[in-house]
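Here's the structure we're looking at; comments come further down.
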Amino acid sequence: MGSRNNPSRRDFLTGAAALLAGPAIGTASLGAARTAAAADGPAGLIVREREPLNLEFPFSTLNGPVLANDQFYVRNHFPAPAIRPQEWRLRVEGAVDRPLELTYDDLLRMPAVTTSALLECAGNNRSYLGPEVKGVAWQLGAVGVARWTGVPLALVLDRARVRSGAVEVILEGADRGTVANFPEEIRFARSLPLKKARRGDVLLAHHMNNAELPKDHGFPLRAVVPGWYGVASVKWLTRIIVSEQPFHGYFQSVDYTVWQRPNGLPTQVPITEMLLKAQIARPTLGEKLTAGKEYRIFGAAWTGNGEVARVEVSTDGGDRWTEARLLGKANPYTWRLWEYDWQVPGRTGPRVVLARAVDSEGRKQPLEREKDRRNYLINHVLPIRVDVV
Ligand SMILES: Nc1nc2c(c(=O)[nH]1)N[C@H]1C(S)=C(S)[C@@H](COP(=O)(O)O)O[C@H]1N2
Ligand SMILES: [Mo]
């Protein structure tokens, strides 16, 4: 009973109950963080860390398809570098026939595209795994959608003339700092397979929602890699290195990896594509709902590739599931807002509300946590306990 492949409802509810039970799993801290939110950060963002700055969007305030710049979560590993655009350069080097050195103005003059894209931190929802888990304790709000304007990376690579032996493109930021088990400071860097880097939708963005990139979102230039976890979207870009070897930098071999088991051998692989997820914005944990009244359950759902096909809601802890209404139109690489009008029962007491998504590839959100994912890729269904009063 209750194997990983076939979780019984009872096991699942045990999981949900344990999660809601208290200190062991940290519901108390969830509540504390939630109340601290408004007082704490700019524009009501929740301060998770001040140096380096890590800010969370209070997901319960979700109201539309795009967030304003000052609502967008911030995930910094090192202090944000202050960059003067006049002195800044983007260098393109490595396995290219024509290395480039571009100024900010050069980039602003190149053909640009504007597209909506969602960024989610691979550690979003981590606080639901319990207080002892390593990493920033995000609740639901290490995720956001903005409209990004920038130059396709493919265009810059074409200008630099990539050599035939190239396999990856390394993106390096200006920010630097120390990490465990390495004797010197390192810069933040991540690589993309050349094929992914050459898709027209990977951007070198200089504008966010029609404004210059804010400092904490990577001014003057950042990558935006739609469909991949946020870690791939390197901020404060200064160097693009085309490489003939795969890159194994810190942020894709020590941190931001998960385990896979090809041939039964545990192997660490970099985190790339986003997984399917539905999140409930309202009600929030512990919210009091009036017995016998209608309540609009509201949230968002997204997936790394493909489309969100369906969102289902349960208001009885996972017994029965009903389809929610998808709002607006499907838009690749962003979230789909959804709602469900719930006739709150007349009987008072605690209730567990759940939402789960299904995508166009037939994938479903899991009900249970997968252990091989370390402290990342948290996309199992999360219970929201409310009180009917
Ligand atoms: N240079 C640099 N780029 C970075 C990071 C960083 O610390 N330094 N953090 C990454 C991570 S883990 C995420 S989730 C996103 C967050 O982008 P945001 O701060 O604009 O929301 O930026 C990514 N790019
Ligand atoms: Mo992240």
Checklist entry - Considering the dipole of the range 199-290 built from charges on the beta carbon (Lys and Arg +1, Asp and Glu -1) around the Cα centre, which of PRO270, GLY227, SER243 is farthest to its positive end? => result GLY227
Checklist entry - Ranking PHE57, PHE251 by Cβ neighbours within 10 Å, fewest first, what do you get? => result PHE251, PHE57
Checklist entry - What's the angle, to the nearest 10 degrees (0 to 90), between helix 9-21's Cα axis and the longest principal axis of the chain? => result 80 degrees
Checklist outcome for this item: Mean separation of Cα contacts under 8 Å (at least 6 apart) over the residue count of the chain, i.e. the relative contact order in percent, is 15 percent
Checklist outcome for this item: Highest mean packing first, using Cβ neighbours within 10 angstrom, the peptides 199-212, 311-324, 172-185 sort as 199-212, 311-324, 172-185
Item to check | Pairwise centroid distance, computed over Cα atoms, of the range 318-341 with the range 221-274, Å | outcome: 30 Å
Next on the checklist: If the reach is capped at under 25 angstrom between alpha carbons, list the lysines near LYS371, excluding any in the same chain fewer than eight residues apart.
Outcome noted: LYS134, LYS277
Checklist entry - Loop-only check: which GluC sites (Glu not before Pro) in the range 54-120 are DSSP coil with at most 15 other Cβ within 10 angstrom? => result GLU87
Checklist entry - Looking at the range 79-170, which trypsin sites (Lys or Arg not before Pro) are DSSP coil and have at most 11 other C-beta atoms within 10 Å of their C-beta? => result LYS134
Checklist entry - ³J(HN,Hα) across the range 141-148 via Karplus (A = 6.51, B = -1.76, C = 1.60, θ = phi - 60°), whole Hz, x for Gly/Pro? => result x, 8, 7, x, 10, 9, 9, 9
Checklist entry - Can you list the residues, at least 5 places off or on another chain, whose amide H is less than 5 Å from the amide H of VAL258, using H built in the peptide plane? => result VAL269, ILE271
Checklist entry - In what sequence do ARG336, ARG369 fall when counting other Cβ within 10 Å, fewest first? => result ARG369, ARG336
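Where a number appears in this text, it was derived from the coordinates with a stated rule and is not lab data. Note that the coordinates shown come from a computational prediction; the quantities given were computed from them, not determined experimentally. Cβ sites come from the backbone with ideal geometry, for glycine too, and all protein chains shown count toward neighbours.
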